[in-house]
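In what follows, a single structure is set out as C-alpha coordinates and then discussed.
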Amino acid sequence: MAMLQNKTIAITLLALLVCASIAIVFMSNQTEENDYLSAQKIEALREDYPIYDKDPDFVTTVPLSFHDVFEGVDSVVIGSVVEALPEYSLTLPLESEADKAVDEKNKELGFDAKQEFVQYKLKVEKLIAGEAVDDEIILSHNAMFVGIEPELKPGMELLLGLSKGMNMHEGKYFFSRYGTYYIVEDDYVLPAYEDQVSKTLTGASLTQLIDTIRSYRND
(Lines give C-alpha, C1' and ligand atoms only; values in the text may rest on other atoms or scores of the structure.)
Protein backbone atom coordinates (compact mmCIF):
# COMPACT_ATOMS: atom_id res chain seq x y z
CA MET A 1 0.00 0.00 0.00
CA ALA A 2 2.87 2.37 0.92
CA MET A 3 4.60 1.58 -2.38
CA LEU A 4 1.43 2.44 -4.29
CA GLN A 5 1.13 5.75 -2.44
CA ASN A 6 4.77 6.60 -3.11
CA LYS A 7 4.32 5.79 -6.81
CA THR A 8 1.23 7.98 -6.96
CA ILE A 9 3.11 10.86 -5.30
CA ALA A 10 6.03 10.46 -7.73
CA ILE A 11 3.73 10.54 -10.76
CA THR A 12 1.93 13.60 -9.38
CA LEU A 13 5.23 15.42 -8.79
CA LEU A 14 6.40 14.55 -12.31
CA ALA A 15 3.16 15.87 -13.79
CA LEU A 16 3.54 19.10 -11.81
CA LEU A 17 7.12 19.51 -13.04
CA VAL A 18 6.02 19.02 -16.66
CA CYS A 19 3.22 21.58 -16.26
CA ALA A 20 5.61 24.04 -14.67
CA SER A 21 8.09 23.62 -17.54
CA ILE A 22 5.37 24.21 -20.12
CA ALA A 23 4.22 27.31 -18.24
CA ILE A 24 7.79 28.69 -18.11
CA VAL A 25 8.27 28.16 -21.86
CA PHE A 26 4.88 29.74 -22.57
CA MET A 27 5.66 32.74 -20.36
CA SER A 28 9.08 33.11 -22.01
CA ASN A 29 7.52 33.14 -25.48
CA GLN A 30 4.88 35.63 -24.38
CA THR A 31 7.59 37.88 -22.94
CA GLU A 32 9.50 37.84 -26.24
CA GLU A 33 6.39 38.55 -28.28
CA ASN A 34 5.33 41.41 -25.98
CA ASP A 35 8.80 42.82 -25.34
CA TYR A 36 8.04 46.42 -26.28
CA LEU A 37 8.53 49.80 -24.70
CA SER A 38 5.36 51.43 -23.41
CA ALA A 39 3.64 54.08 -25.51
CA GLN A 40 4.47 56.68 -22.86
CA LYS A 41 8.16 55.77 -22.93
CA ILE A 42 8.26 55.88 -26.73
CA GLU A 43 6.64 59.31 -26.74
CA ALA A 44 9.23 60.61 -24.27
CA LEU A 45 12.16 59.15 -26.23
CA ARG A 46 10.91 60.66 -29.49
CA GLU A 47 12.00 64.07 -28.17
CA ASP A 48 15.62 63.00 -28.71
CA TYR A 49 15.05 60.32 -31.37
CA PRO A 50 12.57 61.83 -33.84
CA ILE A 51 10.80 60.36 -36.85
CA TYR A 52 11.84 61.85 -40.19
CA ASP A 53 8.69 61.67 -42.29
CA LYS A 54 8.85 64.89 -44.31
CA ASP A 55 9.73 65.05 -47.99
CA PRO A 56 11.82 67.83 -49.55
CA ASP A 57 9.89 70.53 -51.39
CA PHE A 58 12.16 70.41 -54.43
CA VAL A 59 12.38 66.64 -55.06
CA THR A 60 9.76 63.94 -55.48
CA THR A 61 10.79 60.88 -53.51
CA VAL A 62 9.50 57.32 -53.55
CA PRO A 63 9.53 55.82 -50.04
CA LEU A 64 11.55 52.65 -49.67
CA SER A 65 9.93 49.77 -47.86
CA PHE A 66 11.61 47.78 -45.09
CA HIS A 67 11.93 44.93 -47.58
CA ASP A 68 13.54 47.13 -50.25
CA VAL A 69 16.08 48.55 -47.84
CA PHE A 70 17.27 45.53 -45.96
CA GLU A 71 17.22 43.16 -48.90
CA GLY A 72 19.21 45.61 -51.02
CA VAL A 73 21.83 47.24 -48.78
CA ASP A 74 25.46 46.09 -48.89
CA SER A 75 25.83 45.84 -45.10
CA VAL A 76 23.80 46.06 -41.91
CA VAL A 77 25.77 47.16 -38.85
CA ILE A 78 25.41 48.30 -35.28
CA GLY A 79 27.60 51.26 -34.38
CA SER A 80 27.95 54.44 -32.38
CA VAL A 81 28.38 57.94 -33.77
CA VAL A 82 31.82 59.35 -32.98
CA GLU A 83 31.46 62.83 -34.45
CA ALA A 84 30.03 64.93 -37.23
CA LEU A 85 32.72 65.77 -39.80
CA PRO A 86 32.99 68.85 -42.02
CA GLU A 87 30.94 68.71 -45.20
CA TYR A 88 32.72 67.89 -48.43
CA SER A 89 31.85 69.06 -51.93
CA LEU A 90 32.04 67.46 -55.35
CA THR A 91 31.48 68.80 -58.82
CA LEU A 92 29.39 66.23 -60.61
CA PRO A 93 30.59 65.39 -64.12
CA LEU A 94 28.37 66.38 -67.06
CA GLU A 95 29.00 63.50 -69.42
CA SER A 96 26.07 63.76 -71.81
CA GLU A 97 23.87 66.37 -73.45
CA ALA A 98 21.05 65.29 -71.17
CA ASP A 99 23.27 65.92 -68.12
CA LYS A 100 24.12 69.37 -69.43
CA ALA A 101 20.46 70.17 -70.06
CA VAL A 102 19.57 69.11 -66.52
CA ASP A 103 22.46 71.20 -65.20
CA GLU A 104 21.15 74.28 -67.02
CA LYS A 105 17.69 73.70 -65.58
CA ASN A 106 19.15 73.24 -62.10
CA LYS A 107 21.03 76.52 -62.40
CA GLU A 108 17.75 78.28 -63.19
CA LEU A 109 16.39 76.81 -59.94
CA GLY A 110 19.43 77.87 -57.98
CA PHE A 111 21.34 74.57 -58.05
CA ASP A 112 24.54 73.70 -59.87
CA ALA A 113 26.75 70.68 -60.52
CA LYS A 114 28.67 71.30 -57.31
CA GLN A 115 27.06 69.35 -54.51
CA GLU A 116 27.71 69.39 -50.76
CA PHE A 117 27.64 66.22 -48.65
CA VAL A 118 27.15 65.72 -44.92
CA GLN A 119 29.39 63.15 -43.26
CA TYR A 120 29.77 61.43 -39.90
CA LYS A 121 32.34 59.10 -38.38
CA LEU A 122 30.83 55.85 -37.08
CA LYS A 123 32.50 53.30 -34.82
CA VAL A 124 31.25 49.90 -35.96
CA GLU A 125 30.49 47.57 -33.08
CA LYS A 126 28.89 44.60 -34.85
CA LEU A 127 28.18 43.34 -38.36
CA ILE A 128 24.61 42.02 -38.58
CA ALA A 129 24.45 41.08 -42.28
CA GLY A 130 26.20 41.61 -45.59
CA GLU A 131 29.75 42.61 -46.40
CA ALA A 132 32.31 43.28 -43.67
CA VAL A 133 33.30 46.91 -43.05
CA ASP A 134 36.17 48.60 -41.20
CA ASP A 135 36.03 49.29 -37.47
CA GLU A 136 35.48 52.97 -38.27
CA ILE A 137 33.64 54.20 -41.36
CA ILE A 138 32.38 57.47 -42.82
CA LEU A 139 28.64 57.88 -43.33
CA SER A 140 27.35 60.36 -45.88
CA HIS A 141 24.29 61.85 -47.56
CA ASN A 142 23.63 64.85 -49.80
CA ALA A 143 23.44 68.08 -47.81
CA MET A 144 20.26 69.08 -49.64
CA PHE A 145 18.53 66.45 -47.49
CA VAL A 146 19.49 68.02 -44.16
CA GLY A 147 16.33 67.92 -42.07
CA ILE A 148 14.96 65.15 -44.24
CA GLU A 149 17.54 62.53 -43.29
CA PRO A 150 18.35 61.85 -39.60
CA GLU A 151 20.68 64.22 -37.81
CA LEU A 152 23.22 61.99 -36.07
CA LYS A 153 24.75 63.09 -32.78
CA PRO A 154 27.90 61.86 -31.00
CA GLY A 155 27.13 58.95 -28.71
CA MET A 156 24.03 57.82 -30.59
CA GLU A 157 23.92 54.05 -31.00
CA LEU A 158 22.33 52.90 -34.24
CA LEU A 159 21.48 49.96 -36.42
CA LEU A 160 22.04 51.02 -40.03
CA GLY A 161 21.56 49.66 -43.52
CA LEU A 162 24.54 50.85 -45.60
CA SER A 163 25.27 51.21 -49.30
CA LYS A 164 28.86 51.54 -50.47
CA GLY A 165 29.84 54.82 -52.09
CA MET A 166 31.08 54.51 -55.64
CA ASN A 167 33.44 56.53 -57.85
CA MET A 168 33.92 59.95 -56.22
CA HIS A 169 32.36 58.62 -53.01
CA GLU A 170 34.68 55.61 -52.80
CA GLY A 171 35.40 54.67 -49.19
CA LYS A 172 32.24 56.23 -47.78
CA TYR A 173 28.87 54.67 -47.00
CA PHE A 174 25.46 56.14 -47.72
CA PHE A 175 22.62 55.77 -45.22
CA SER A 176 19.03 56.99 -45.15
CA ARG A 177 16.10 57.35 -42.79
CA TYR A 178 14.56 54.19 -44.26
CA GLY A 179 17.34 51.98 -42.88
CA THR A 180 18.16 53.85 -39.67
CA TYR A 181 17.12 52.58 -36.23
CA TYR A 182 18.03 54.27 -32.97
CA ILE A 183 19.09 51.87 -30.24
CA VAL A 184 17.76 53.29 -26.99
CA GLU A 185 17.99 52.26 -23.36
CA ASP A 186 18.10 48.53 -22.55
CA ASP A 187 18.51 47.63 -26.25
CA TYR A 188 15.15 48.68 -27.60
CA VAL A 189 14.80 50.29 -31.01
CA LEU A 190 13.00 53.20 -32.62
CA PRO A 191 12.93 53.61 -36.42
CA ALA A 192 13.86 56.97 -37.92
CA TYR A 193 11.07 56.40 -40.47
CA GLU A 194 7.93 54.33 -40.06
CA ASP A 195 6.51 52.22 -42.86
CA GLN A 196 4.13 49.29 -42.55
CA VAL A 197 6.81 46.94 -41.22
CA SER A 198 9.05 49.30 -39.26
CA LYS A 199 6.02 50.72 -37.45
CA THR A 200 5.46 47.28 -35.90
CA LEU A 201 9.06 47.40 -34.64
CA THR A 202 8.72 50.77 -32.90
CA GLY A 203 9.76 50.12 -29.32
CA ALA A 204 10.65 46.49 -30.03
CA SER A 205 13.78 44.79 -28.75
CA LEU A 206 16.98 44.94 -30.78
CA THR A 207 16.84 41.14 -31.06
CA GLN A 208 13.41 41.30 -32.71
CA LEU A 209 14.67 43.84 -35.23
CA ILE A 210 17.76 41.78 -36.09
CA ASP A 211 15.69 38.62 -36.52
CA THR A 212 13.28 40.47 -38.82
CA ILE A 213 16.11 41.88 -40.95
CA ARG A 214 17.79 38.49 -41.30
CA SER A 215 14.52 36.95 -42.43
CA TYR A 216 14.64 39.27 -45.49
CA ARG A 217 18.20 38.40 -46.48
CA ASN A 218 20.04 35.42 -47.95
CA ASP A 219 23.39 35.95 -46.18
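The values are calculated or read from the model by the stated rules, or taken from the named source; none is laboratory data. Just so it is clear, the structure is predicted and the values come from calculations on it, not from any experiment. Backbone-built Cβ (ideal geometry, glycine too); neighbour counts: all protein chains shown.
Applying the set (1) surrounded by 13 or more Cβ atoms within 10 Å (Cβ to Cβ); (2) out of contact with any Gly (no Cβ under 8 Å at 6 or more places or on another chain); (3) of a type in the set (Asp, Glu) to residue 135 leaves exactly one unmet item: (1). Do we find that residue 160 is closer than 23 Å to residue 88 by Cα and not hydroxyl-bearing (Ser, Thr, Tyr) in this structure? So residue 160 fits the description; yes.
Under the condition of being in contact with a Ser or Thr (Cβ under 8 Å, 6 or more places away or on another chain), over 16 Å from residue 66 (Cβ atoms) and touching a residue at least 60 places away in the same chain (Cβ under 8 Å), the residues counted in region 172-197 number 2. For region 157-187, name all the residues that are among the small types (Gly, Ala, Ser), within 21 Å of residue 210 (Cβ to Cβ) and not in a helix (DSSP H, G or I). Listed by number, the residues that qualify are 161, 163, 176. Highlighted here are the helices (runs of 4 or more DSSP H) found entirely within region 1-105 that include at least 1 residues which are at pLDDT 70 or above, touching a helix residue (DSSP H, G or I) at 6+ places or on another chain (Cβ under 9 Å) and surrounded by 10 or more Cβ atoms within 10 Å (Cβ to Cβ): 66-72.
The condition of being surrounded by fewer than 16 Cβ atoms within 10 Å (Cβ to Cβ), among the polar types (S, T, N, Q), under 20 Å from residue 64 (Cα atoms) and at pLDDT 95 or above holds for only one of 200, 207, that being 200. The residues of region 57-74 that are of a type in the set (S, T, N, Q) and more than 17 Å from residue 212 (Cα to Cα), listed by number, are 60, 61.
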